[in-house]
Each structure stands twice: as structure tokens, then as C-alpha cells.
Amino acid sequence: MPELPEVEAITRSLRPLVRGRRIRCAHIFHPIATKPQSPAQLAQLARGCRILDASRRGKYLLLPLDRGLLEMHFRFDGQLIWFRSASELLRRANQSLDGVHVDVALELDKGVLGFADQRHFGRVHYWPSLAACPSLRSLGPDAISPQCTTSFLHERLSSSRRPLKEFLLDQSRIAGIGNIYSAEALWHACLDPRRRANSLSRKDSAKLHKAIVSVLHRALECCLHPAPDFRDPRWWFQGIEKVLRAYQREGLPCRRCGHAIERIEQGGRSTYCCLHCQK
DNA sequence: CGCACATCCTGTGTGC
DNA sequence: TGCACACAGGATGTGC
């Protein structure tokens, strides 16, 4: 599930492939991917635009264009696939047997960028400007941006009564953290995920801030080695498990105190933690 | 405004 | 072995 580090790695690998390229046309194979926007409108508006860059805000991948921008969100399984040409796309994509499932493809003046998501949760949207993009407008500062300081985090924590885990998942407060790295950050900070956000002392907030930044940077290093290779449709991030200390380690000993990691439910989703040393 | 909860979708895992 | 079904996950919309 791409969170901030994964999307950052994708952005860095994608940038040299698309920067300065012109979109010849957009193929929408599965209209659900542009919902609630109309696929025809997206195709029409993106046609002929030049891609200025590839960038990221939270878990969103952005392709600023010379006219408007494209915004992508991978949700759980969304991924990018690179084809050398339109004929390779048509030969390999959406074929009955082991065809790569592509929802949206941007045919560029050199190469084709495919957005694939077999579960159809991921989205590709066109917006006339950054300011017109509703999901970005409600986004808090990026978790690894200089804007997200310890004081800033402490201030935001103080104004929320929600459990820490749910606070960290709220993209409007801080952007980029998902289910995996929220559990990891709380484990590293020795904080109980059920604790109310506004119960943290300044010292606690500093600990949490430090944990968030280090967890995300460590994960990014993992995601960059090896870097995403969009040419291989089977490619996906590997080796993250090595650095995970809580997530999906239910029943395994805590690496700090040896007690079993537990899986608890919060807001309808799983949280992994050591209730013995996370206070 | 803040928060709880249902919704979307499909491959995987579990239980019989 | 095969089948049925619950489940996971992030953002959004609705209702309190």
C-alpha cells in the first residue's frame, strides 16, 4: 500500500521518464479510474499537454502540465507500468491470459505511462490548477516537509481528542502517513496508539515527531533500493518487512521488550503494537 | 466543526 | 479438493 515513502520513490523514478514529454492522447480502458470525473473529459483536457514535472503531496502523485495537472492516487494496489510504445501497450495490456491490467494509459511522444489497478480503488484525475484540486486543498502539510516541525505537530495534537493512531491517519492534519507507518512511528516513539492526541506532553510530541521522520526516511531508503522499475509489471516494493517492528507482527516478540505484539482494532482497521512498552 | 460509520472493489485467506 | 464467504485497505460522503 503506497504511503509517503513508496509514492516518493515512484515519483523519483518517474520524473526522468515523463519530464518535458507531451501527452499525445489518453486511453481510458476502465472508466471507474477517473470517477467521479468523466473519462472523455479527462482525455480531452489532457490531450496535447506537456508534462512539466512529477511531484508528490502526501500520498498523491502529481503531474503538473503546461495546462492544468493530473493527480493520481494508488490506494492499495495501484501501480505504474511503462510501455515503450502504443503497440506494446495494446499487445500486453488487458489481454485475456497474463495481460497487464491497465485502467488508464497516457500515450506520450516517447513511451506510454500506464496506471494499473485491478481492484479499481485507485484514481486518476485532471484539474485545471493546483488550487482547483479538492483533495490537495484539504491536505495537511507533508509529514517530511520542513513545515511539519515538532511545535507544529504538538499544536495539532493538542487540538484533537482522537486516539493517536486515528490522528496520524487523518490526512488533513499531516499528510502521507498510512496504516503501516502510523503503527511503526508509534512503536518507535513508545506511545500507546489508543492514547488521546491531546494527552501528549511536549516531550512526547517531540518523540513522536522524531519517530515519524526517521520511520519515513528509513522506509524511503528501502523503497529506493531497488528503485521502482515500471518496465516490469510484476515489480513491487520489497524488503520493507525487514524494517517493520510492529506492523503485521502479531504474536511475534517485541524487539524492545520481548512481549508479544498485539493486533487491536481502531476505527475499523488493524493497529499493531506492544501494549507492554508503548505507554 | 468534529467524529463515527458505510461505501467502493476484488484477490487472498479461512473454514467447512 | 472445492466451494462459500469474510476480510483488508484509503478516501469520501452522509448523518449525528
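Each reported figure results from applying straightforward, stated rules to the coordinates on display, with no laboratory input. Remember, it's a predicted structure, so these values are computed and weren't measured experimentally. No Cβ is skipped: glycine too gets one built from the backbone with ideal geometry, and neighbour counts run over all protein chains shown.
If each Cα of chain A is one equal point scatterer, what is log10 of I(q)/I(0) from the Debye formula at q = 0.11, 0.12, 0.14 Å⁻¹?
Debye output, listed in q order: -0.67, -0.78, -0.99.
Where in chain A are the DSSP H helices whose alpha-carbon span along the long axis reaches 24 Å or more and whose Kyte-Doolittle mean is at least 0.0?
Membrane-span-like by this criterion, though nothing is claimed about a membrane: A:202-224.
What does the charge dipole of chain A about its Cα centre add up to, to the nearest 20 debye, if the Cβ of each Lys and Arg holds +1 and the Cβ of each Asp and Glu holds -1?
540 debye
State the Kirkwood hydrodynamic radius of segment A:150-273 in Å, one decimal place, computed from all pairs of distinct Cα atoms.
Working: mean 1/r = 0.0656 Å⁻¹.
For segment A:150-273, inverting the mean 1/r across all distinct Cα pairs yields 15.2 Å.
Hull surface divided by four, with the convex hull built on the Cα atoms of segment A:4-137: how many nm²? Please report the intermediate quantities before stating the final value.
Numbers: hull surface 29.2 nm².
Orientation-averaged projected area of the Cα hull: 7.3 nm².
Let me know the Kirkwood hydrodynamic radius for segment A:25-92, please, with Cα pairs as the basis and the value in Å to one decimal.
Mean inverse Cα-Cα distance, inverted, gives 13.4 Å.
Under a cut-off of 23 Å between alpha-carbon atoms, report the lysines in cross-link reach of A:K210, not counting same-chain residues fewer than 8 places apart.
Cα-Cα hits under 23 Å: A:K59, A:K165, A:K242, A:K279.
Given the options A:K207, A:K59, A:K35, which has the most mean-square fluctuation in a GNM of chain A, springs set between C-alpha atoms less than 10 angstrom apart?
A:K35
Per the Cauchy relation, a quarter of the hull surface: what is the mean projected area of the convex hull of the alpha carbons in segment A:93-232, in nm²?
11.3 nm²
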